[in-house]
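Scroll down for the structure; my scribbles are underneath it.
The values are calculated or read from the model by the stated rules, or taken from the named source; none is laboratory data. Quick caveat: nothing in here was measured; it's all calculated off a predicted structure. Using ideal geometry, Cβ is built from the backbone for each residue, glycine included, and neighbour counts are taken over all protein chains shown. Just so you know, the surface numbers come from the protein's heavy atoms only, side chains and all, with ligands and any DNA or RNA stripped out. Shrake-Rupley method; radii C 1.70, N 1.55, O 1.52, S 1.80 Å.
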Amino acid sequence: MVTFRSTEDGLRWIETLFDRLGHRAYSGEPVTQLEHALQSAAFAEADGAAEPLVAAALLHDIGHLVNDLGESPSERGIDDLHQFHGAKCLRPLFGRDVTEPIRLHVQAKRYLCAVRPGYLDALSADSQRSLLLQGGVYGAAEAEAFGQTAYAADAVRLRLWDDTAKVAGLATPDLAHYLPLLARCARATPDFTQEIAPC
Ligand code: FE
């Protein structure tokens, strides 16, 4: 079990996680986990997103690193539930404006498949395979309910950056560029009593 003693501790934990595991391939795509995170954040910034949503874009797949299940678990029929593990890890450090779009970004895919023509067909092979493990395309009632969920709109924006953040060799700012932004987005009163997943 990881425990943070301070915001600085928590931010160092994030940096260490990317340093240690960010080189891993991103689920059969031509980018690493770190490149995918940085591209997602860069697209969010370019789109004029508020800082908490840029932070969410950067950290949305941190659950893949925390889970430590290796590369492309969906190829082995495993749904690693990374959206929940990632949000849970980050709750001591960040508010809902960061953690909720992360928690909801898989549901946002199920939602977009239901409401946006052509979205499903445009997903990568790995994303289509993991969709089935994640519960598949939402029905009409599920999609409507999701659309009314708090932070659903942010989760959908994040999802669309996520889907395109798979460009081989794309130049982006590095992780150090985003650390001050993460510090600004951290809770004014960190809640270090919350349990977080092991790393
Ligand atoms: Fe992603």
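Assign unit charges at the C-beta atoms only (+1 for Lys and Arg, -1 for Asp and Glu), then state the dipole size of the stretch 76-162 relative to its Cα centre in Debye, rounded to the nearest 20. Please report the intermediate quantities before stating the final value.
Details: 11 positive and 10 negative charges, 30 e Å.
That gives the stretch 76-162 a dipole magnitude of about 140 debye.
Per the helix-only calculation at 222 nm, which mean residue ellipticity applies to the chain, given -39500 (n - 2.57) for every DSSP H run of n ≥ 4 and division by its residues, nearest 500 deg cm²/dmol? Walk me through the numbers before you get to the answer.
Values: 11 runs with 118 residues, N = 199.
Roughly -18000 deg cm²/dmol at 222 nm, from the helical runs in the chain.
Separation of the stretch 73-109 and the stretch 1-71, taken as the distance between their Cα centroids, equals 11 angstrom. Hey, for a label at Thr164 modelled as a point 7 Å past Cα toward Cβ, could you say which residues of the stretch 120-141 have their backbone N under 15 Å away? Of the residues in the stretch 120-141, 122-124 have backbone N under 15 Å from the label point off Thr164. Here the stretch 45-125 has 48 percent of its accessible surface on carbon and sulfur atoms, given a 1.4 Å probe and all protein chains in place.
The calculated P(r) of the stretch 1-96, using every Cα pair and 10 Å bins from 0, goes 15, 48, 32, 5 in percent.
The packing ranking of peptides 130-136, 103-109, 140-146, 48-54, highest mean first, is 103-109, 48-54, 130-136, 140-146, where packing means the average number of other beta carbon atoms within 10 angstrom of each residue.
Solvent exposure of the chain amounts to 45 Å² per residue of accessible area, where only protein heavy atoms count and the probe is 1.4 Å. Distance between the pseudo-spin-label points of Leu120 and Gln148 (7 Å out from Cα toward the beta carbon): 2.4 nm. Its Cα centre serving as origin, the chain has a Cβ charge dipole (Lys and Arg +1, Asp and Glu -1) of approximately 260 debye. In terms of Cα atoms, the Rg and Dmax of the stretch 95-142 work out to 11.4, 34 Å. Within the listed set Pro30, Pro117, Pro180, the residue fluctuating most in the Gaussian network model of the chain (springs between alpha-carbon atoms under 10 angstrom) is Pro117.
For the chain, what is the convex hull volume of its Cα atoms per residue in Å³? Spell out each step's value before the answer.
Working: hull volume 22.4 nm³, N = 199.
Expressed per residue, the convex hull around the Cα atoms of the chain is 113 Å³.
Simple rule: put +1 on each Lys or Arg Cβ and -1 on each Asp or Glu Cβ in the chain, find the dipole, and look at Thr172, Gly48, Ala188; the Cα lying farthest toward the positive end is Ala188.
Among the GluC sites (Glu not before Pro) within the stretch 1-80, which fall in a DSSP loop and have no more than 15 other Cβ atoms within 10 Å of their own Cβ? In loop regions of the stretch 1-80 (DSSP not H, G, I, E or B), the sparsely surrounded GluC sites (Glu not before Pro) are Glu71.
For the stretch 87-199, just say rounded, prolate or oblate: build the C-alpha gyration tensor, square-root its eigenvalues into a ≥ b ≥ c, call rounded for a/c under 1.5, and beyond that prolate if a/b exceeds b/c, oblate if not. Oblate, since a/c reaches 1.5 and b/c is not below a/b.
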